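What follows is one structure encoded as structure tokens, with my remarks underneath.
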Amino acid sequence: MAGAGCRLREVGTTNRTHLADFEQAIGARSALLMKVHASNYTIQGFTATVPEKELAALAHARGLPFVVDLGSGALVDLSQYGLPKEPTPQETLAHGADLITFSCDKLLGGPQAGIIVGRAELVKKIKRNHLKRALRVDKMTLAALEAVLKLYRQPEKLAQRLPTLRRVEPAVVQAVRNAAHVSVVPCHSQIGSGALPVELLPSTALALAPLKRGRGEGTALKQLAAAFRALPVPVIGTISDGALKFDLRCLENEREFVDQLAQLRLDAGRSGS
């Protein structure tokens with residue numbers, strides 16, 4: 001903003017901002033209203049923010065464009081993946097924003113870059129800025145971004161195809177559906193080094209509890225563990241609380257792990273002694 005020769009005037013307070021704060025800040029030389037999404041921190045408790053629809057209406061009533069910086073780009077509702085809901089560019093445009101900026105990497109899952117979307121005449125003005133040539137992305141970045149954006153054409157398959165959202169749990173549930181119930185549980189990883197022999201790190205694990213309960217439960221649990229050890233790349237977990245647990249901190253190659261689950265043979269395990 002300093003490079004463009006404009007002056008940024010902040011409104012409201014750290015935790016509470018009202019529509020009147022924006023109204024009072026608009027002057028004869030105001031060029032736009034801007035809202036920036038909080039990144040890397042949260043404000044909780046006694047807070048107040050102005051809805052985007054109200055800010056858009058105020059800006060347009062005063063003949064100003066309304067610009068929103070969304071930070072990370074989330075093109076889908078992340079709550080379906082068990083993550084907090086983040087505003088999407090589609091929603092923000094529907095609320096009346098004239099321009100939106102967001103990252104191609106981070107939540108979107110693409111290469112390091114940024115995207116500006118919005119009203120055609122405003123985007124055209126931005127493209128005429130001399131910095132456009134200095135900051136334009138190369139062909140490799142565009143190719144990587146295109147490949148990622150194509151994945152969003154089938155949002156129902158994002159969890160399997162996009163590394164940022166890909167999850168292990170559904171694949172494991174499918175692989176052991178006739179033998180065990182799968183749940184996500186908190187756990188602790190033991191460092192085990194000479195300097196920190198008993199220190200623990202908080203982590204998360206997949207817990208596989210055999211469907212067979214009662215006298216045969218112990219045998220079923222051992223067979224389940226043996227079947228995972230028999231995979232081309234052996235998967236070794238721990239047995240506790242009646243379940244076979246895989247600490248996800250130990251999972252380095254997620255794709256390899258998921259792909260070999262098709263070779264899991266639950267009826268081939270041996271109970272051992």
Elements of type helices (runs of 4 or more DSSP H) contained in the range 73-168, each with 1 or more residues being surrounded by 14 or more Cβ atoms within 10 Å (Cβ to Cβ) and acidic (Asp, Glu): 89-94
Arg215: passes all of (1) surrounded by 14 or more Cβ atoms within 10 Å (Cβ to Cβ); (2) charged (D, E, K, R); (3) at pLDDT below 85 but (1)
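Let's see how each residue does on (1) free of Cβ contacts under 8 Å to residues at least 60 places away in the same chain; (2) open to solvent by less than 50 Å² (accessible area, probe 1.4 Å); (3) closer than 24 Å to Ser72 by Cβ; (4) touching a helix residue (DSSP H, G or I) at 6+ places or on another chain (Cβ under 7 Å):
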position: Glu10; (1), (2), (3), (4): yes, no, yes, no
position: His18; (1), (2), (3), (4): yes, no, no, no
position: Asp21; (1), (2), (3), (4): yes, yes, no, no
position: Gly27; (1), (2), (3), (4): yes, yes, no, no
position: Lys35; (1), (2), (3), (4): yes, no, yes, yes
position: Thr47; (1), (2), (3), (4): yes, no, yes, no
position: Lys53; (1), (2), (3), (4): yes, no, yes, no
Can you say whether Ala120 is over 23 Å from the mean Cα position of the chain (by Cα) and either under 30 Å from Lys139 (Cβ atoms) or at pLDDT 95 or above (or both), as far as the supplied structure shows? yes
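The values are calculated or read from the model by the stated rules, or taken from the named source; none is laboratory data. These numbers were taken from a predicted model, which means no experiment stands behind them. Neighbour counts run over all protein chains shown; Cβ positions are idealised from the backbone, glycine included. We work out accessible area using only protein heavy atoms, side chains counted, and drop any ligands, DNA or RNA first. Shrake-Rupley method; radii C 1.70, N 1.55, O 1.52, S 1.80 Å.
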